[in-house]
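Input: a single structure, listed below in structure tokens.
The values are calculated or read from the model by the stated rules, or taken from the named source; none is laboratory data. This is a predicted model, so every value here is computed, not measured. Using ideal geometry, Cβ is built from the backbone for each residue, glycine included, and neighbour counts are taken over all protein chains shown.
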2 protein chains.
Amino acid sequence: MDEVIADPMGAAIQWYRSKYDGEINWQRMLAGSWILGFPEEHQKMVLDLLYTPGFFRNLRVMEDAVDVLKEMNKYYEIFIVSAAMEFPNSLIEKHDWLMEHFPFFTWKQLALCGDKKLICGDFMIDDHVKNLINFKGKPYMYTSAHNLEVTDYERINNWKEAAGIFLTDDVIKDR
Amino acid sequence: MDEVIADPMGAAIQWYRSKYDGEINWQRMLAGSWILGFPEEHQKMVLDLLYTPGFFRNLRVMEDAVDVLKEMNKYYEIFIVSAAMEFPNSLIEKHDWLMEHFPFFTWKQLALCGDKKLICGDFMIDDHVKNLINFKGKPYMYTSAHNLEVTDYERINNWKEAAGIFLTDDVIKDR
């Protein structure tokens, strides 16, 4: 969900820039977390932002995610899985956000967990190595500022590319 | 979670009996849902009860579940998985309930989903055929009033029996 169909990093940067003029350091994010891109003295504050009621409810949808997933939903059994349990207040917000922006999904297609180790499927699209590494199906890394240097996975850089993988005539004719 | 480590049916029956003197019909539950055991004219009301804030937060813990799962947690990687998404208000309550009664679990061990089809693991203990039927590991049916006539699964009738399966010296010496 986050960094794949929803944009918490974008929201955090926008919020930060409206309050402070510290620099975002994209290099530091490459350690695996976009929080590290904020000046060290402000990282705790950005983390607190994630616990603020309404934060996850109001996130921007990633470009083309709605159109491509709406089409994919016709040919695949899709589950939206979010490692959301660290932020218990986000649970209902993530449910409401998905139902608003992706009304073609049902509540049966959402899973909010603490660890994606227990998720099985044929494909997983995720922005974190820790989630892809235990997956038994085919993993795809969804490109995000914090994972640009990861080289172990086939990439999906944006949802148009996802359509190119999952929605070509060749692929869907067999489904 | 429900009917396995938490007792919503018990809470619903207690609530119902405090208000009405209709009979609980255990026979009708055998169609697969304990809601069907309430008089037909009151079933909608019982369903509404499940949407009431606080309902899931205040459920009784199933007997011996805490002691046995605390011990199992030393030898197994345990996930508590609940098909809770039908009741979005229950999400935070289920998180808080688990953290209160089972403090040895971390938030990483909880998953709240709409459909258990996407869950993998070595063992699943569940009270519903619809959850066990797609599971690739070994399924166990946790006995509940609504599943007494199901014959397709090995049963766990209570948490002491679970200890007899998962915590014998023979089994845990290899873990």
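When A:ASP64 is evaluated against the numbered criteria (1) touching a Phe, Trp or Tyr at 6+ places or on another chain (Cβ under 8 Å); (2) at negative phi; (3) not β-branched (Val, Ile, Thr), which criterion, by number, is the only one it fails?
If we test A:ASP64 against (1) touching a Phe, Trp or Tyr at 6+ places or on another chain (Cβ under 8 Å); (2) at negative phi; (3) not β-branched (Val, Ile, Thr), just (2) comes out false.
Restricting attention to segment A:73-87, which residues are surrounded by fewer than 21 Cβ atoms within 10 Å (Cβ to Cβ) and at pLDDT 95 or above?
A:ASN73, A:LYS74, A:TYR75, A:TYR76, A:GLU77, A:ILE78, A:PHE79, A:ILE80
Being touching an Asp or Glu at 6+ places or on another chain (Cβ under 6 Å) and at pLDDT 95 or above: is that true of A:LYS130 here?
It is false that A:LYS130 is touching an Asp or Glu at 6+ places or on another chain (Cβ under 6 Å) and at pLDDT 95 or above.
If you take the residues of segment A:129-154 that are surrounded by fewer than 18 Cβ atoms within 10 Å (Cβ to Cβ) and within 14 Å of another protein chain (Cβ to nearest Cβ), which of them is farthest from B:GLU77 (Cα to Cα)?
Across segment A:129-154, the extreme among qualifying residues is A:GLY137.
Say we look at segment A:88-100 and pick out the residues that are out of contact with any helix residue (DSSP H, G or I) (no Cβ under 6 Å at 6 or more places or on another chain) and more than 9 Å from chain B (Cβ to nearest Cβ); which of these is surrounded by the fewest Cβ atoms within 10 Å (Cβ to Cβ)?
A:GLU100
Which residues, counting only those in segment A:51-72, are farther than 18 Å from B:HIS95 by Cα and within 14 Å of chain B (Cβ to nearest Cβ)?
The answer is A:ARG57, and nothing else.
B:ASP48 passes all but one of (1) surrounded by fewer than 13 Cβ atoms within 10 Å (Cβ to Cβ); (2) outside any helix (DSSP H, G or I); (3) not small (Gly, Ala, Ser); which number fails?
All conditions are met except number (2).
In this structure, is B:PHE105 aromatic (Phe, Trp, Tyr), surrounded by fewer than 19 Cβ atoms within 10 Å (Cβ to Cβ) and either at the interface with chain A (Cβ under 10 Å from one of its Cβ atoms) or touching a Leu at 6+ places or on another chain (Cβ under 6 Å) (or both)?
Considered against the rule, which asks whether it is aromatic (Phe, Trp, Tyr), surrounded by fewer than 19 Cβ atoms within 10 Å (Cβ to Cβ) and either at the interface with chain A (Cβ under 10 Å from one of its Cβ atoms) or touching a Leu at 6+ places or on another chain (Cβ under 6 Å) (or both), B:PHE105 comes out as yes.
Which of the residues belonging to segment A:155-169 are charged (D, E, K, R) and more than 15 Å from the chain's Cα centre (by Cα)?
A:LYS160, A:GLU161, A:ASP169
Take segment B:73-87 and flag every residue that is in contact with a Lys or Arg (Cβ under 6 Å, 6 or more places away or on another chain) and more than 12 Å from every other protein chain (Cβ to nearest Cβ).
B:TYR75
In segment A:65-76, is there at least one residue being within 20 Å of B:MET99 (Cβ to Cβ) and either touching a strand residue (DSSP E or B) at 6+ places or on another chain (Cβ under 7 Å) or assigned to a loop (DSSP other than H, G, I, E, B) (or both)?
no
When segment A:1-30 is examined, which residues are found to be part of a loop (DSSP other than H, G, I, E, B) and modelled with pLDDT of 95 or more?
A:MET1, A:GLU3, A:VAL4, A:ILE5, A:ASP7, A:ILE24, A:ASN25, A:LEU30
B:ASP126 - would you say it is out of contact with any Gly (no Cβ under 8 Å at 6 or more places or on another chain) and either more than 13 Å from B:ALA83 (Cα to Cα) or surrounded by 20 or more Cβ atoms within 10 Å (Cβ to Cβ) (or both)?
Taking the combined requirement at face value, the residue satisfies it.
Checking A:CYS120 against (1) under 23 Å from B:PHE135 (Cα atoms); (2) away from chain B (no Cβ under 14 Å), which test does it fail?
Every listed condition holds for A:CYS120 apart from (2).
When segment A:145-175 is examined, which residues are found to be under 26 Å from B:ILE119 (Cβ atoms) and among the small types (Gly, Ala, Ser)?
A:ALA162
Please verify whether B:TRP34 is buried (at least 16 other Cβ atoms within 10 Å of the Cβ), more than 14 Å from chain A (Cβ to nearest Cβ) and closer than 25 Å to B:ALA145 by Cα, treating the condition exactly as stated.
Against the criterion (buried (at least 16 other Cβ atoms within 10 Å of the Cβ), more than 14 Å from chain A (Cβ to nearest Cβ) and closer than 25 Å to B:ALA145 by Cα), B:TRP34 qualifies.
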